[in-house]
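Working notes for the structure below.
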Amino acid sequence: MSKEYSVKDIKIMEGLEAVRMRPGMYIGSTGSRGLHHMLYEIVDNAVDEAANGYADEVSVTLHRDRSVTVEDNGRGIPVGIHEKLGVSGVEVVFTQLHAGGKFGNDSYGYSGGLHGVGASVVNALSEYVDVEVCTGGKVYNQRFESYEENGRIVSGHPVAPLAETGRTRRQGTKVTFLPDKRVFETLDMNFDTVAKRLRELAYLNRGVTFKLSDQREWGNKKEKEYCFNGGLSDYIKFMNKEKTTLYDEPICFSASKDGIMVEVAFQHNDGYTENIVSYVNNIATGEGGTHETGFKAALTKVMNDYCRKIQVLKDKDPSLMGEDFREGITAVVSLKMRSVQFEGQTKTKLGNTEARPAVEFAVTEKLVPFLEDLKNAETASKMVEKAVKAAKVRETTRKAKNMAREKSKLENAPLVGKLSSCTGKDPLQNELFIVEGDSAGGSAKQGRDRRFQAILPLRGKPLNVEKKRLEAVLANDEFRSIITALGTGIGEDFTLSTLKYNKIIILSDADQDGAHIRAILLTFFYRYMRELITQGHVYIGLPPLYKVQKGDKVVYAYDDAELTKVTQKMGQGYSLQRYKGLGEMNPSQLWETTMNPENRSLVCVGIDDAAEVEHLVTVLMGDKVAPRKEYISEHANFNKVDDFESKLQKTKEGGQA
Ligand code: 28F
């Protein structure tokens, strides 16, 4: 189907060609994460319409043929003809490559509804896109297709101009698209992943209803619906659900300054760690940035001023530290603003300097009157009391930390004695295996490549640090040897710059104890060295579960599914060994199956959904037994890695999520 392309058409197509040539530039990857970004681009446009107050419902449907439908009940994409481009607003949104592409030059316009930022990217990477707009009592449709024509790929080309196809009283936009199998490694959206993102959007956009329907399996239709009229306050309640909170209602407020809308909610629990999650335009800023800095600075200032005002702090007393006011805090900071600069390793750090004063303004304007309002006296005094206690313990912990640091320096040898370090000195090459048990530790020491692989055997279970203060952690030998071996310091002193190993690989048995040790180690890293996880340094080693032997042919299987394949291929007359623990393998087997980078498989631990991980750590590691029993009875699956870590985003080494 060829026709003369006008100069305008060629310019538009060149734009979409650019997307198809380098999809990773626009949606991050062509693996599972990139596929989900396709959906999120369209959902974001519907959310824009809702965030601007014109829609209150967004629905997502996953179809059998792997196409996806997103629908909102907003005003509908404009159907009028764009005066300069001579095509409808719908065609503009789906064929014009907006400069603001989130994954292009990482600026993203907001609130005033710079819609359709990513719609053209989705169009370029889809086999087809069907758009239906209901507005002004009429239904309009337009279809875009990507196809190959004499070796050339045409991307996202309108089959025909926007056409009026019926009448209706409804209004809104409905987009159905089929991601192009020539671009994506998988077309399988993950229901839980999508559901979690929609739940997060529901918390961030109060009062908007998000629906998800999975129609891919006959007879196994799954539905989810989220709507939180409490918005961020409900989000805080979700994250604090299993915790003992110091006051019943989260403190929440919002304010705008210089065109930046700031929303904040927080609530203290009786724990000792801080958990602050932040967003810009509904995008999680896992690496923090100027908005988080503003929140921390303003909270510290407002709370210290308040402590002085009520004479808890005398003039001669030093101010409390920010970390004292943040001990036990669960907080969410959500900004809506234009032309965002994302920075950092994974482009999830907010760089705009103007965001800091905007957040400081919101906290100062709203928290000061809150504290002074006598109806909040109980809450205010709980916050002050918690901070004063934290400051006292900090003082003693500082001494304990210094002592521990001195001790670890002084006793470096015996402490590190447990550690079999490697000869190589390049942190980027080096790997530290934290191995459960002395016998496995012994095999790992003998089997490893000592040029770049260090071994730290753990004797028994380390301390569960959830609900423990820092000095208890520092007093625990196992963690002291890990802290010393890694070289990063801990908590507030943590710095990645002195990390001695690029990969920290947890090797534990594939049984309940192994899973528990893994969970304890991950809790420790999550609580006191979180950047090790967010920067992708923490891995879980996967030892084989089975050894299948026939004659001198030996094949290892890493899970039940693989065992079936291996035994089918092996045919009759094979012998089967089920490994109960790492200690059953001799050094060369352990090396071959689990440590040799050539053929081992590792799971990289990441945090895809901070709120979910926060919630899980509390449920599984906290001191309340009932919710843990309930969760485990629902989810336990101790044969595989999928238990506690399953909520942490996992990617195979060198593979996709
Ligand atoms: C299922 C996905 O994409 N919803 C959208 C709108 C509404 C407007 C709009 C969108 C042209 C280029 C500005 C309507 N009336 N859901 C969606 N709803 N885009 S996308 O305008 C796009 C303009 O950018 C809209 C008045 N103003 C804006």
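The values are calculated or read from the model by the stated rules, or taken from the named source; none is laboratory data. Just so it is clear, the structure is predicted and the values come from calculations on it, not from any experiment. Methodologically, a virtual Cβ is constructed for each residue, glycine included, from the backbone with ideal geometry; neighbour enumeration extends over all protein chains shown. SASA here: full protein model, heavy atoms, side chains in, ligands and nucleic acids out. Shrake-Rupley method; radii C 1.70, N 1.55, O 1.52, S 1.80 Å.
Given in Å, the Rg to one decimal and the Dmax to the nearest whole number for the Cα atoms of the range 418-470 are 13.1, 38. The mean accessible area for residues of the chain, using a 1.4 Å probe and ignoring ligands and nucleic acids, is 44 Å² per residue. Applying a threshold of 29 Å to the alpha-carbon distances of 386/461; 138/222; 314/386; 174/221 flags 386/461; 138/222 as lying beyond it. Among the GluC sites (Glu not before Pro) within the range 475-567, not one is in coil by DSSP while having at most 10 neighbouring Cβ atoms inside 10 Å. The Stokes-Einstein estimate for the range 485-607, based on a Kirkwood radius over Cα pairs and taken at 20 °C with 1.002 mPa s viscosity, is a diffusion coefficient of 133 µm²/s.
Roughly how many percent of the accessible protein surface of the chain is carbon and sulfur, given a 1.4 Å probe and a whole-percent answer? Don't skip to the end; give the middle numbers.
On the way: 14580 of 28630 Å².
So the carbon and sulfur contribution to the accessible surface is 51 percent.
For the chain, the 222 nm mean residue ellipticity estimated from helices alone, with every DSSP H stretch of n ≥ 4 adding -39500 (n - 2.57) and the total spread over all residues, rounds to -11500 deg cm²/dmol. The 3J(HN,Hα) values that the Karplus relation (6.51, -1.76, 1.60; θ = phi - 60°) gives for the range 163-170 are, in residue order, 10, 7, 10, x, 10, 7, 9, 6 Hz. Gly and Pro appear as x. Residues in the range 436-449 carry Karplus couplings, in order, of 6, x, 5, 5, 5, x, x, 4, 5, 4, 6, x, 6, 9 Hz; the curve used is 6.51 cos²θ - 1.76 cosθ + 1.60 with θ = phi - 60°, and Gly or Pro positions show x. Let me know the volume per residue of the alpha-carbon convex hull for the range 144-225, in Å³. Convex hull volume per residue, Cα atoms: 185 Å³. Restricting the GluC sites (Glu not before Pro) of the range 191-280 to loop positions (DSSP other than H, G, I, E, B) with no more than 14 neighbouring Cβ atoms within 10 Å leaves 217.
Loop only per DSSP, at most 15 neighbouring Cβ atoms within 10 Å: give me the trypsin sites (Lys or Arg not before Pro) in the range 519-553, ordered by residue number.
Details: sites: 527, 530, 547, 550, 553; in loops: none.
Sparse-neighbourhood loop trypsin sites (Lys or Arg not before Pro): none present.
When the convex hull of the Cα atoms of the range 154-285 is projected onto a plane and the area is averaged over all directions, what value comes out in nm²?
Values: hull surface 57.8 nm².
Convex hull of Cα atoms, orientation-averaged projection: 14.5 nm².
Please compare each pair in 309/401; 382/467; 257/349; 237/467 to a cut-off of 22 Å on the Cα-Cα distance and tell me which ones are over it.
Values: 309/401 32 Å; 382/467 18 Å; 257/349 20 Å; 237/467 19 Å.
Distance filter (> 22 Å) returns 309/401.
Quick one: work out the % antiparallel among DSSP beta bridges in the chain, nearest 5. It would help to have the intermediate numbers written out before the result.
Values: 78 of 105 bridges.
Antiparallel bridges make up about 75 percent of those DSSP assigns within the chain.
Extents of the chain, largest first, come to 81, 78, 45 Å (Cα atoms, principal axes, whole angstrom).
Report note on the peptides 434-446, 369-381, 23-35: ranked by the mean count of other C-beta atoms within 10 Å, highest first, their order is 434-446, 23-35, 369-381.
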